[in-house]
1. More than 23 angstrom separation, counting every C-alpha pair in the stretch 300-399; what % is that?
2. Over the stretch 79-297, what is the relative contact order in whole percent, taking alpha-carbon pairs under 8 Å and six or more residues apart?
3. Provide 68, 159 in ascending order of the number of other Cβ atoms located within 10 Å of each residue's Cβ, fewest first.
4. Taking neighbour Cβ counts within 10 Å as the exposure measure, how do 235, 109, 264 sort from fewest upward?
5. Take the alpha carbon gyration tensor of the stretch 140-217, find the square roots of its eigenvalues, order them as a ≥ b ≥ c, and report rounded if a/c is under 1.5; if not, report prolate when a/b exceeds b/c, else oblate.
6. How would you classify the stretch 198-265 from its alpha-carbon gyration tensor, with a ≥ b ≥ c the square roots of the eigenvalues: rounded for a/c under 1.5, else prolate if a/b is greater than b/c, otherwise oblate?
7. Take the alpha carbon gyration tensor of the stretch 294-351, find the square roots of its eigenvalues, order them as a ≥ b ≥ c, and report rounded if a/c is under 1.5; if not, report prolate when a/b exceeds b/c, else oblate.
């Protein structure tokens, strides 16, 4: 009887020992060990219940951090990585933080200045001219003031010299700045851009000053409707991350040259989706000196008052309907006719502009950008629809305020 009980206990111990088999063991035997003859145990001396043998355990080691990786030597940096570092070191001192304040009145009619927006800009020359986007500094009908924080973290007041909403470019002038300035290096005329080349953006997204992002030139020659309501031609598309606060900042090539002004993004969330646009440097080179010199941009025109596109679209007209030619202007001198009235008071359609030289015109946006390709004093062929028949006249371009 005692031997039988021992056999049962031995079998149980063997089963428990199977649970401690280390991973990789294929099987565990449950056969009882050979029976041993043992002296009779008196009932009074019967042992307590036999506890199962503890399962074998793997010792737990103290947690350790990931292994240390030996850093490469300073000379082992990739050439492209070192180039981005060099561009930032060169261009960051020319990049500034632009803030706008507006004058408002509280319930007691006290005048207060409140923050109204911020963006980025860059130093244009050593005379203290700072270039940014027009929408960064536009105050609408409210009175506004501006401040510019330089790379040295010193902040100066600034005045708005002028700008052009159609190009989304504005120029500020620092007031009382007595420290040396570092102007941005502008891409020389005649230097082309290529899709795929490096694009580096520096700005102040969400107020985080001098933030650098990198990408490539994704496309060239984009036409995107700008802040002024007309399309901006030849915009640069880039996947360098551009977020709120980057507006007005420089887009640079691998030589540290300005190739555009970061202006807008396509996004459903308001944050970067990898599709950003910059006003091209060719437009910047042409517009900024005009603003510094005259406080505005020279707009070549022919001297007409156009009918708003929404009215023309209702009647199914493709082209720009001339309401009237400005007296003494080149359009009037060339015989371009506007809308007139007959004896009964009915309106009679005048000339409809459908082209400028080889450029087709379907709306005012097309007309503006067609004329923008020329200079004041140039003569262009204006193609018309007159009483349903094609016609054309030669018109000289003037500067329209």
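Every number here is computed from the coordinates shown, using simple stated rules; none is lab data. Model, not experiment: these values are computed from the prediction. Backbone-built Cβ (ideal geometry, glycine too); neighbour counts: all protein chains shown.
1. Tail fraction, whole percent: 18.
2. 20
3. With the sparsest Cβ surroundings first, the list reads 68, 159.
4. Going from least to most buried by this count: 109, 264, 235.
5. Working: a/c = 1.78, a/b = 1.51, b/c = 1.18.
It is prolate, given that a/c is not under 1.5 and a/b is the larger ratio.
6. oblate
7. Oblate is the answer for the stretch 294-351, as a/c is 1.5 or above yet b/c matches or exceeds a/b.
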